[in-house]
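See below for the structure under consideration.
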Amino acid sequence: QVQLVESGGGLVQAGGSLRLSCAPSGYISRINNMGWYRRAPGKQRELVAAITSEGSANYTDSVKGRFSISRDNAKNTVYLQMNSLKPEDTAVYYCNADIRRFVWSASVNYWGQGTQVTVSS
């Protein structure tokens, strides 16, 4: 069974930086689109950033210019570099990926367990 394992969350002061990482456990054949979502207290989950297998990225407007998504295909890892963090960035951040476990498998969407990011003012 494939699981997405996230790391890098924590507590940081406003203006600080954090880098989130996410990679699948176990063998996989290919990862297509990857992304990061977040859910703030009392709010719906929202897409923060996404990146295709070719490296094309898009961001929600509130993080443009501050966050950067990247991926290392050799390591099957996606990163979210978060700079100039604001208290309103406080949320649980979730990794999401479309994974093909084997060459003959269909692509399946997976979610990570979530990692807490807290930005203090």
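The values are calculated or read from the model by the stated rules, or taken from the named source; none is laboratory data. All values derive from a computational prediction rather than experimental measurement. Reconstructed Cβ throughout: ideal geometry from the backbone, glycine too, with neighbour counts over all protein chains shown. Calculation scope for accessible area: heavy atoms of the full protein, side chains included, ligands and nucleic acids excluded. Shrake-Rupley method; radii C 1.70, N 1.55, O 1.52, S 1.80 Å.
For segment 83-100, the candidate set comprises residues that are β-branched (Val, Ile, Thr) and assigned to a strand (DSSP E or B); within that set, the residue that is surrounded by the fewest Cβ atoms within 10 Å (Cβ to Cβ) is 92. Does residue 38 count as surrounded by fewer than 20 Cβ atoms within 10 Å (Cβ to Cβ), touching a strand residue (DSSP E or B) at 6+ places or on another chain (Cβ under 8 Å) and either under 16 Å from residue 118 (Cβ atoms) or not polar (S, T, N, Q) (or both)? Taking the combined requirement at face value, the residue does not satisfy it.
Residue-level analysis places residue 33 outside the set of residues that are free of Cβ contacts under 8 Å to residues at least 12 places away in the same chain, more than 17 Å from residue 115 (Cα to Cα) and either open to solvent by less than 30 Å² (accessible area, probe 1.4 Å) or not in a loop (DSSP other than H, G, I, E, B) (or both). Of all the listed residues (40, 91, 50), the sole one being closer than 22 Å to residue 2 by Cα and free of Cβ contacts under 8 Å to residues at least 60 places away in the same chain is 50. When the residues of segment 41-56 are filtered to those that are within 16 Å of the chain's Cα centre (by Cα) and among the polar types (S, T, N, Q), the one that is nearest to residue 76 (Cα to Cα) is 53. State yes or no: is residue 73 polar (S, T, N, Q), surrounded by fewer than 21 Cβ atoms within 10 Å (Cβ to Cβ) and at pLDDT 95 or above? No. Of all residues in segment 101-114, those being assigned to a strand (DSSP E or B) and open to solvent by 70 Å² or more (accessible area, probe 1.4 Å) number 2.
This table checks each residue for (1) open to solvent by less than 50 Å² (accessible area, probe 1.4 Å); (2) part of a strand (DSSP E or B); (3) farther than 26 Å from residue 120 by Cα; (4) modelled with pLDDT of 95 or more.
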{"residue": "11", "(1), (2), (3), (4)": "no, yes, no, yes"}
{"residue": "21", "(1), (2), (3), (4)": "yes, yes, no, yes"}
{"residue": "28", "(1), (2), (3), (4)": "yes, no, yes, no"}
{"residue": "44", "(1), (2), (3), (4)": "no, no, no, yes"}
{"residue": "53", "(1), (2), (3), (4)": "yes, no, yes, no"}
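Please go through segment 1-40 and pick out each residue that is more than 15 Å from residue 88 (Cα to Cα) and basic (Lys, Arg). Residues satisfying the conditions are 19, 30.
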